[in-house]
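A short write-up of the structure that comes next.
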Amino acid sequence: MDFPASVIIPANVASNTATVTITDDNMPELKSDRVIYASSSGNTTSQVTASIIDNDIPQVSLELLADTVSESAGKICHLGNY
């Protein structure tokens, strides 16, 4: 995530817009938070937290095998190839 180093709000203007560049990849990631600070001479410094929520869903697969276990097998049984 790339933020501009500064954003200038001209006199007599209430706000301005800045572009934040976010790289979209194919890697599942946790939410990413960044704090944005705003300040100017003679005013109170302020901050806000921006959250980026990943759009990549992890791929999970589940394979169910046709193996069966008899109830009479006892307390311990073995599954799989060995």
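Any read-out appearing in this document is the output of simple, stated calculations on the displayed coordinates, not a laboratory observation. Values in this document were obtained by computation on a predicted structure and should not be read as measured data. All Cβ positions, glycine included, derive from the backbone under ideal geometry; neighbour counts span all protein chains shown.
The requirement of being exposed (fewer than 10 other Cβ atoms within 10 Å of the Cβ), on the phi < 0 side of the Ramachandran plot and among the polar types (S, T, N, Q) is not satisfied by SER32. Selection of region 2-35 for residues being of a type in the set (Val, Ile, Thr) and not in a loop (DSSP other than H, G, I, E, B) yields THR21, VAL35.
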